[in-house]
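Student: Have a look at this one before I ask anything.
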Amino acid sequence: VAIAGIDLAAQRDGKGKVSVRAARTKNEIQARLTGQIAVRQCPIVIDEIQHLLVNDAKLLEVVRDIADLTGVTVIFVAGVADFGRQLKDYPQISSRIYKEVEFTQWALQDIKLACKQLAEVDIEDALIERLSNDSKGIMRLVMNGISNIERIAIANHKTIATFDDFAGKELVTDWDGTTNAPVRPRRNK
């Protein structure tokens, strides 16, 4: 078992004898993580951080402790717009936040660059513009669209995905977290 590339399992010496037992308790896991993070001095990035606010933010307190002990930078990425407000309920953590940054929609030129760098097929400019409109510049949906375009183009033995190839086909699908059903935005005609 590993977290962030840090082995939490038992470690054996050359003779097969256990030299370090498996980390099993919260304190053992925290100690092993803290020790390795202190040595590596790599920043910690936690995506979907809002999920650590459960149980009076006890997991977030563990992250705070690790950051305090190691001196590494911790970057929170929240999947909800009001995370900053939610975090204010925990001043022992929110008072340590250096800067809050809100991400905006991707511009067409950024989406073109992402398509060029990430897609396994060339994507025609007109199709990239449609992807920009359909995704409303939301990175998650842009990436979803690039994946869909690639998959369909490759399945049809295309090296260039064109606007006409995708006429009437959905490029991006957003999911409603409550019903787990796709949210089908109305397409501008």
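The values are calculated or read from the model by the stated rules, or taken from the named source; none is laboratory data. Treat the numbers as computed from the prediction; the structure is a model and nothing was measured. Virtual Cβ from ideal backbone geometry, glycine too; neighbours counted across all protein chains shown. Accessible surface is based on the protein model in full, side chains and every heavy atom, while ligands, DNA and RNA are left aside. Shrake-Rupley method; radii C 1.70, N 1.55, O 1.52, S 1.80 Å.
Student: Among the residues of region 154-165, which ones are within 28 Å of the chain's Cα centre (by Cα) and either surrounded by fewer than 19 Cβ atoms within 10 Å (Cβ to Cβ) or at positive phi (or both)? Break it down stepwise before answering.
Tutor: Step one: of region 154-165, the residues within 28 Å of the chain's Cα centre (by Cα) are 154-155, 161.
Correct list: Ile154, Ala155.
Student: Within region 137-153, can you find the residues that are open to solvent by 80 Å² or more (accessible area, probe 1.4 Å) and more than 19 Å from the chain's Cα centre (by Cα)?
Tutor: Matches in region 137-153: Arg151 only.
Student: Hey, another quick one. Is it true that Gly35 is small (Gly, Ala, Ser), at pLDDT 85 or above and out of contact with any strand residue (DSSP E or B) (no Cβ under 8 Å at 6 or more places or on another chain)? If you could, list the steps in order and put the result at the bottom.
Tutor: Numbers: small (Gly, Ala, Ser): yes; at pLDDT 85 or above: no; out of contact with any strand residue (DSSP E or B) (no Cβ under 8 Å at 6 or more places or on another chain): yes.
Considered against the rule, which asks whether it is small (Gly, Ala, Ser), at pLDDT 85 or above and out of contact with any strand residue (DSSP E or B) (no Cβ under 8 Å at 6 or more places or on another chain), Gly35 comes out as no.
Student: Could you check Leu69 against (1) open to solvent by less than 60 Å² (accessible area, probe 1.4 Å); (2) in a helix (DSSP H, G or I) and say which number it fails?
Tutor: Status for Leu69: all satisfied but (1).
Student: Give just the number: which of (1) modelled with pLDDT of 85 or more; (2) open to solvent by 30 Å² or more (accessible area, probe 1.4 Å) does Gly177 not satisfy?
Tutor: So Gly177 meets the others, but not (1).
Student: Still on this model: What number of residues within region 96-117 satisfy the criterion of being open to solvent by 90 Å² or more (accessible area, probe 1.4 Å) and not acidic (Asp, Glu)?
Tutor: Matching residues across region 96-117 total 10.
Student: Test Arg96 against the stated conditions and say whether it is assigned to a loop (DSSP other than H, G, I, E, B) and of a type in the set (Lys, Arg).
Tutor: Against the criterion (assigned to a loop (DSSP other than H, G, I, E, B) and of a type in the set (Lys, Arg)), Arg96 qualifies.
Student: What do you reckon, is Asp47 under 30 Å from Leu141 (Cβ atoms), acidic (Asp, Glu), modelled with pLDDT of 85 or more and open to solvent by 60 Å² or more (accessible area, probe 1.4 Å)?
Tutor: Details: under 30 Å from Leu141 (Cβ atoms): yes; acidic (Asp, Glu): yes; modelled with pLDDT of 85 or more: yes; open to solvent by 60 Å² or more (accessible area, probe 1.4 Å): yes.
Spelling it out, Asp47 is indeed under 30 Å from Leu141 (Cβ atoms), acidic (Asp, Glu), modelled with pLDDT of 85 or more and open to solvent by 60 Å² or more (accessible area, probe 1.4 Å).
Student: Oh, and also: Look at region 72-93 and say how many of its residues are part of a helix (DSSP H, G or I) and open to solvent by less than 70 Å² (accessible area, probe 1.4 Å).
Tutor: Here is the first cut: in region 72-93, the residues part of a helix (DSSP H, G or I) are 83-87, 91-93.
Going one step further and asking which of them are open to solvent by less than 70 Å² (accessible area, probe 1.4 Å), we end up with 83-84, 86-87, 92-93.
Matching residues across region 72-93 total 6.
Student: Could you run through region 123-135 and say how many residues are touching a residue at least 40 places away in the same chain (Cβ under 8 Å) and within 23 Å of the chain's Cα centre (by Cα)?
Tutor: Total satisfying the criteria: 3.
Student: Give me the pairs: first residue in region 26-46 and closer than 18 Å to Thr73 by Cβ, second residue open to solvent by less than 70 Å² (accessible area, probe 1.4 Å) and among the hydroxyl-bearing types (Ser, Thr, Tyr), beta-carbon distance under 8 Å, and six or more apart or on different chains, which are they?
Tutor: Note: pairs meeting the criteria are Thr34/Thr70; Ile37/Thr70; Ala38/Thr70; Gln41/Thr70.
Student: So Val20 clears everything in (1) within 27 Å of Leu87 (Cα to Cα); (2) open to solvent by less than 70 Å² (accessible area, probe 1.4 Å); (3) at pLDDT below 75 except one condition, right? Which one?
Tutor: Only one criterion is unmet by Val20, namely (1).
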